[in-house]
1. Pulled fully out, how much extra length does the chain show between residue 306 and residue 167, if you take 0.36 nm times their separation in residues and subtract their Cα-Cα distance?
2. Quick one: pull the percent of accessible area on segment 147-334 belonging to carbon and sulfur, 1.4 Å probe, ligands and nucleic acids left out.
3. Starting from the Cα of residue 75, draw a straight line to each of the lysines and keep only those under 16 Å, dropping any in the same chain fewer than 8 residues away.
4. Could you tell me how many degrees, from 0 to 90 and to the nearest 10, lie between the Cα long axis of helix 129-144 and the main elongation axis, the longest principal axis, of the Cα atoms of the chain?
5. How far apart, in nanometres, would the label points at residue 242 and residue 68 be if each is projected 7 angstrom from Cα along the Cα-to-Cβ direction?
6. Give me the percent of DSSP beta bridges within the chain that run antiparallel, rounded to the nearest 5.
7. What do you get for the angle between helix 172-188 and the principal long axis of the chain? Use alpha-carbon atoms, 0 to 90 degrees, nearest ten.
8. For the chain, which longest stretch is free of loop sites, where a loop site is one of the chymotrypsin sites (Phe, Trp or Tyr not before Pro) that DSSP puts outside H, G, I, E and B and that has at most 14 other Cβ atoms within 10 Å?
Amino acid sequence: MAYSKEIYEKALNIIKKRRLDAERTAEQHKRELSLKYPEFQFIETELAKTGYEIITAFSLPRNEAEKKLSKVRKKNGELRAERQKLLKALNLPEDYFEVKYTCQKCGDTGFFEERDDTAGVSYGTKLCSCHIELLKRLAAEQMSRSTPLELCGFEDFDLSYYSKSKKDGQSDYNVMKEVYNSCVQYAQNFDLDSMSLFFYGRTGLGKTHLSLSIANEAIKKGYNVIYGSVINFLNKIEKEKFGRAEDCDTENLLIDADLLILDDLGAEFTTALTTSVLYNIINSRICRGVPTIISSNLSLKEIKERYPESVASRIIGTFAIVKFAGDDIRQKMSS
Ligand SMILES: [Zn+2]
């Protein structure tokens, strides 16, 4: 997967900061205790000496080296045990002096050497999984930056804008109360196995608001969420396909996200390319078994008319369909 240069640099800076912070904390622990308790200072100095002795031992003849090494190792072990005892007496954890990296696998370098120790084979340096996760998260954040996510939470959703007068035995208010409650529940229970949702209904009924409220909750749970309008995504992908944008792979980022929210399906200008991209994104996510939320002003009938059978049947056949009811509440809010 290709990311922009900016994302790669940002990720490396974050990983570097993690490493420096972890090393600084361990150093600080050592310094503080050594100042307070000279015993620690003594042990640290002696430990440093054993390190030096181990290195010099290798220049000795084999017999002597082995003898010396076992002596030094013994001394090293005793010093560590002594340090442990002192830490315990102070009620501090055993690993108080150790560097606690965010990622143990790569020691916060972002890279690790993949090797098979039993066969003694190295497969070269690879991007660590912590690095890949970070790149994905940063790319998702950048991709979603244009949407004011912080403005949308369930607590700001006002049901009082929906009419309580009944049409066909149901009021808009009751329909939307049910929609609202199921969205809250969906967000609370959200995980990678959650189902995909298709929100439809006329413009201004709160589809974007509720889908972004779900996004907010999923992000809080640590999921990698991408949200944005279908038009913007398709424009970006089109530019990338024709080489007019920087080297970024939006299509695969969308396929890869834990939760993808596609807003306003149907507002885009339909071409053979946009249709095939949409199909690829929706279908690949279904194959991966990860949830997608699509919102649209189009009715199910209009979806069938507008898109080829392959796209329409993926949405109608595999998404949970949620119909939004009411009059445009945005007009009511501003009046
Ligand atoms: Zn790592």
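The values are calculated or read from the model by the stated rules, or taken from the named source; none is laboratory data. Model, not experiment: these values are computed from the prediction. Methodologically, a virtual Cβ is constructed for each residue, glycine included, from the backbone with ideal geometry; neighbour enumeration extends over all protein chains shown. Accessible surface areas use protein heavy atoms only, side chains included; no ligands, DNA or RNA. Shrake-Rupley method; radii C 1.70, N 1.55, O 1.52, S 1.80 Å.
1. Extending this stretch completely gives an extra 47.2 nm.
2. Numbers: 4500 of 9130 Å².
Carbon-and-sulfur percentage of accessible area, whole number: 49.
3. 49, 67, 85
4. 30
5. It is 7.2 nm.
6. On the way: 7 of 24 bridges.
So the antiparallel bridges in the chain amount to around 30 percent.
7. Between helix and principal axis, roughly 20 degrees.
8. Numbers: sites that count: 58, 242, 269.
Between exposed loop sites, the widest span is 59-241.
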